[in-house]
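The values are calculated or read from the model by the stated rules, or taken from the named source; none is laboratory data. All values derive from a computational prediction rather than experimental measurement. Backbone-built Cβ (ideal geometry, glycine too); neighbour counts: all protein chains shown. Calculation scope for accessible area: heavy atoms of the full protein, side chains included, ligands and nucleic acids excluded. Shrake-Rupley method; radii C 1.70, N 1.55, O 1.52, S 1.80 Å.
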Amino acid sequence: MIILIPAYEPDVALTDLVGALTISAPGIPIVVVDDGSGPRHAAVFDDVAALGATVLGHVRNQGKGAALRTGFRHAMSAFPGHSVVTADADGQHTVADILNVGATTVAAVDSGAPVMVLGCRDTGRRGNPMRSRLGNGAARATFRLAAGWTLSDTQTGLRGIPPVMLPWLLAQRGDRFEYEQNVLLRCHRDGWETCEVPIETVYMAGNASSHFRPLVDTLRVGVPLLLFAASSLFAFAVDTLLLLVLTAVTGALIPSIVAARVVSATVNFVVNRHVVFRRDGTGALHRQATRYALLAGALLASNVAWMTMPHRGRDAAARRQARHRGGAVHARLPHPAERGVRPEPARFPPRIGRQCAS
């Protein structure tokens, strides 16, 4: 594996991190991307290069997402087949946690079931900076609503990436902090698995070194979440309306479910691709559509199975009851009064059941 660290205007914390990594894991390559920090911070990058790290650079600041993609491209060309662990440059990720996430990622790849490993902090614990607690809490709730799955730390930058996932990551939209959010929003929809690894929560001087801008970057992160949620709600409305109309017209439940799901899934895919993530190219269209269709097909099959299960249960109960009586299941014959025929009056008083012999 390799360790990738995007950095913008770093301080001595980056030098300390690289130095500790080279001591704890001397054989692991370290790649640092200077995201246009400028001459004032050149000495820090010279120091990490002297420690053995590879330093890549942007002439001007392009954002964390762009820096990560630069590192991914370098990893694919210089270290093909290697997993990548991304870590922050401000010292918030410990050496032990970085190496643990990397080991978990490599183990998953070796087992034949590659996953993206997410190092997740306990962001709600007391003692964390208030702005981080409030921001992470709101992000978790919004993320669950939009993406449909729960993640304990949606802002984590410590991630283990299997090599097979790198081309997909290069195709994701966003140049700044929203890039990492877009990756999380789309990964399950595109068929990628994730797992969480608990990590230590570290904040330096009240999180003062963070370059996250509360207003601008919250909007950058939040807008894709809201658009993603709106897209899902719109697809749900289309699905519900079509199901009601088709069932009323045809009277056939299962075909109506299938038709409604196909149309709503297509609408959801098109809206997400062209509106939420603004992907108008055709380069990865077939691969994305295939993965989305497989996922939608599996959900559809599960939905049909659940819808038909009550009917199967009633049929099986009727067959068991018939076998218990020793006969077949008979249709109920209508009472003569139901057929408009007036029954003849009884000629004898009703019989009283015979009493059992004492």
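Scanning segment 10-49 for residues that are β-branched (Val, Ile, Thr) and assigned to a helix (DSSP H, G or I) turns up Val12, Thr15, Val18, Thr22, Ile23, Val44, Val48. Applying the set (1) assigned to a loop (DSSP other than H, G, I, E, B); (2) in contact with a Gly (Cβ under 9 Å, 6 or more places away or on another chain); (3) more than 20 Å from Pro26 (Cβ to Cβ); (4) open to solvent by less than 40 Å² (accessible area, probe 1.4 Å) to Asn61 leaves exactly one unmet item: (4). Those residues that are hydroxyl-bearing (Ser, Thr, Tyr), modelled with pLDDT of 80 or more and either open to solvent by 60 Å² or more (accessible area, probe 1.4 Å) or in contact with a Pro (Cβ under 6 Å, 6 or more places away or on another chain) (or both), I need them from segment 204-256; list them, please. Residue satisfying the conditions is Thr250 alone. Take Asp34 and decide whether it is over 24 Å from Cys120 (Cα atoms) and in contact with a Phe, Trp or Tyr (Cβ under 6 Å, 6 or more places away or on another chain). The answer is yes for Asp34. One residue stands out among those in segment 14-45 that are polar (S, T, N, Q) and in contact with an Asp or Glu (Cβ under 8 Å, 6 or more places away or on another chain): the one that is nearest to Ala96 (Cα to Cα), which is Thr15. For segment 146-165, a residue qualifies if it is within 20 Å of Gly112 (Cα to Cα) and either in contact with a strand residue (DSSP E or B) (Cβ under 6 Å, 6 or more places away or on another chain) or outside any loop (DSSP other than H, G, I, E, B) (or both), and the qualifying residues are Arg159, Gly160, Ile161, Pro163, Val164, Met165. Residues of segment 76-99 that are of a type in the set (D, E, K, R) and over 25 Å from the mean Cα position of the chain (by Cα): Asp90 alone. Within segment 16-25, the residues that satisfy the criterion of being surrounded by fewer than 20 Cβ atoms within 10 Å (Cβ to Cβ) and either hydrophobic (A, V, I, L, M, F, W, C) or under 27 Å from Gly63 (Cβ atoms) (or both) are Asp16, Gly19, Ala20, Ile23, Ala25. Which residue pairs have Cβ atoms closer than 6 Å, lie 6 or more positions apart in sequence or on different chains, and pair a first residue in segment 166-190 that is in a helix (DSSP H, G or I) and of a type outside the set (A, V, I, L, M, F, W, C) with a second residue that is surrounded by fewer than 18 Cβ atoms within 10 Å (Cβ to Cβ) and modelled with pLDDT under 90? Partner pairs satisfying both residue conditions: Asn182/Arg173.
Output yes when any residue across segment 70-84 is of a type outside the set (Phe, Trp, Tyr), at pLDDT below 95 and outside any helix (DSSP H, G or I), and no when none is. Looking for residues that are of a type outside the set (Phe, Trp, Tyr), at pLDDT below 95 and outside any helix (DSSP H, G or I), one finds none in segment 70-84, hence no.
Residues in segment 77-95 that are in contact (Cβ under 8 Å) with a residue 24 or more places away in the chain and farther than 14 Å from Ile30 by Cα: Pro80, Gly81, Asp90, Gly91, Gln92, His93, Thr94. A count restricted to segment 140-158 and to residues that are in contact (Cβ under 8 Å) with a residue 60 or more places away in the chain and over 19 Å from Gln92 (Cα atoms) stands at 6.
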